[in-house]
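Below is one structure; the comments refer to it alone.
The values are calculated or read from the model by the stated rules, or taken from the named source; none is laboratory data. Because the structure is a prediction, the values reported are computed rather than measured. Please note: Cβ atoms are built from the backbone with ideal geometry, for glycine as well, and neighbour counts cover all protein chains shown. Heads up: the accessible areas ignore ligands, DNA and RNA and are worked out on the full protein's heavy atoms, side chains in. Shrake-Rupley method; radii C 1.70, N 1.55, O 1.52, S 1.80 Å.
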Amino acid sequence: MFKSENLDLLFNKNYLCKILDKTDCTNRDIIYNRIELLEKYNIADSENKSFDVCNDAILNIRKLLDVPKTIKKLTTCIMIKDNEETILKTVKSALSISEVVLIVDTGSKDSSKKIIKNINSEKIVLIDKDWDNDFSSIRNFLIQNCTTNWIMMLDSDEVLLEGQEQTIRDYIDLYTVNFKGYTAAFYPTIISSDEETNLMPRIFNKSNVYYFGNCHEELRTRNFLRFNISLPIKIIHTGYDEPEVLIEKNEKHISFKKMSGN
């Protein structure tokens, strides 16, 4: 029924509408759902996605659309050491979106682990691991210990804003493709007191990925087949400030930059 098509067609609303009448009932619901998500988030045919390689990759469109309607489970991964001032709000912000919150402690001497244990959630898994002066090594250890396909990496002084869970679920659903080898990596906006950035992927499918670099770690894909997607959610890099304070500071900083012409 379906011809082999360019991968771009998975995000082409007009094409998806065109093939609805030629599709059996099972796949029709999947296509409808994908069209609704494209419209909901105003994703244009060629925007909000890029490929490390092979824009011209020829894949079977039916395989790509035939995605099981199941909840894609997500693990939030957090690396900590002496973060008693921030870890409570970080962990709590991740509980509602996560099936598992996996935390690796690399040698805390303060009350960080006690605070985590007092949260008393069955979702939380706390593991001890010696610090080896290699951030990528710890992040790869987290990936290796994940029992879910989807991962969100949070720093120990970051907070995921409330009310964004459905957006994350929708994007994971939209960019889940039933094709071996492809990995999706989402780039949310990270807000600190003086800037907004989206340079680092924080949510990704763990297939074929690993971190490289002992200090400025970088997420890499072994087979280079990856979607890089801007994700319309916000993560707040708090330090010791409350999220609301950071948002206010950030807005004032952006306003000042606009007024000064920078």
Exercise. If you scan segment 76-128, which residues turn out to be among the hydrophobic types (A, V, I, L, M, F, W, C) and assigned to a helix (DSSP H, G or I)?
Worked result: ILE87, LEU88, VAL91, ALA94, LEU95, ILE115, ILE116, ILE119
For this session: Please work out if GLU122 is open to solvent by 60 Å² or more (accessible area, probe 1.4 Å), of a type in the set (Asp, Glu) and under 22 Å from LEU231 (Cα atoms).
Result: no
Exercise. So, of the residues in segment 179-204 that are of a type in the set (Ser, Thr, Tyr) and open to solvent by 30 Å² or more (accessible area, probe 1.4 Å), which turns out to be modelled with the lowest pLDDT?
Worked result: SER193
For this session: Consider PHE256 carefully, then state whether it is at pLDDT below 55, in a helix (DSSP H, G or I) and open to solvent by 50 Å² or more (accessible area, probe 1.4 Å).
Result: yes
Exercise. Quick check, is SER207 over 25 Å from VAL100 (Cβ atoms), under 19 Å from the mean Cα position of the chain (by Cα) and modelled with pLDDT of 80 or more?
Worked result: no
For this session: Find the residue count for segment 122-147, including only residues that are among the hydroxyl-bearing types (Ser, Thr, Tyr) and at pLDDT below 95.
Result: 1
